[in-house]
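Heads up, the thing below is written out as structure tokens.
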């Protein structure tokens, strides 16, 4: 066995992997995926999390919530990365799931086009402004209006996520190269 | 890199992502594994290499990925569920200027460490010819270790990579260690 301290201080891929491993443990992260998203990955990641939730004996209702929110998030990523693929080489998306004592959290991050940022920001702000009843009304309104934006679903996915999580959506947009921003979304799902 | 704050926030996602980009990570999976997930990762890898890689390097990268995936799974299936939940496996593919880097991390039993370490040191001490004859010898003798393959997998990895295999073991309990492998493949 080599010395752990030596490894931490060395700038090598070994060190990088070790830090990843440590970081994951300290953040209570259970799953990280960074790369291209395919249907197969989507299915595999979902079934993996389902199995883990089962193995810790999570309550059925919570399990369903986590699972549904994951599906929405993964679909969101797929939607955004599909048209980014040509323009941004090797700029993949990221997806993480973590468990803590009090809550689950789901994180997504992906590059989005500058021109889509304003609309998305508005949707997020609108959603975070509403309480439970407000979200329900908005959901109904969007469904009945049947207005489907070109990014699909008129934000239905986000409204649905907010309703299921019962918490405010946490998000940030960070400058990337020229026409792209990095959109991070963090969703917390209380365990009680 | 994820730092040690206990509470994650949305900005941390981008920090993490930037670190990945800095290391030129093409693909990273960290978590519990099963066969269909590993297969999905292999097919993603294939797709990613397709567009920008010549045949030979692509084949070597894929072959080594397959060996790595089998390695992870071989150790994994004997673990208890609680250790599977607590200690994730890692599979990563990165591309530095002229090299692909494949890394794996997974839990193994302490009593396997010495054996694997010896195999790795042995493989690392040999040159191309030496690796070839060791490979042939094991094939001929048909010696199959109880974990399968008498280290054939590692020999194969070393032959295809053409570089020394880097590794690290760290003890996590009386029963388990965490085992990290780093394999480099020249693009040529």
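Where a number appears in this text, it was derived from the coordinates with a stated rule and is not lab data. Nothing here was measured: the structure is a model prediction, and the numbers come from that model.
Tell me, what is the Rg over Rh of the range B:94-188, with Rh the Kirkwood radius over Cα pairs?
Taking Rh as the inverse mean 1/r over Cα pairs, Rg/Rh reads 1.00.
What do you get when you divide the Cα radius of gyration of the protein assembly as shown by 2.2 N^0.38 Å, with N the number of residues?
Against the compact-globule rule of thumb, the ratio is 1.05.
In whole Å, what are the Cα extents of the range A:36-81 along the three principal axes, biggest one first?
Principal axes ranked by extent give 34, 16, 9 Å for the Cα atoms.
How long, wide and thick is the range B:7-111, going by the Cα atoms along their three principal axes, in whole angstroms, largest first?
41, 36, 25
Per q in 0.10, 0.11, 0.12 1/Å, what log10 I(q)/I(0) does a Debye calculation on the alpha-carbon atoms of the range A:31-190 return?
With one equal scatterer per Cα and no solvent, log10 I(q)/I(0) is -0.36, -0.44, -0.53.
At 37 °C and 0.692 mPa s, what whole-number value in µm²/s does Stokes-Einstein give for the translational diffusion of chain B, with Rh from the Kirkwood sum over Cα pairs?
Details: Rh = 17.7 Å.
Estimated diffusion coefficient is 185 µm²/s.
What would the Debye formula give as log10 I(q)/I(0) at q = 0.13, 0.19, 0.24, 0.25 Å⁻¹ for the alpha-carbon point model of the range B:63-142, no solvent?
Each listed q corresponds, in turn, to -0.57, -1.08, -1.25, -1.26.
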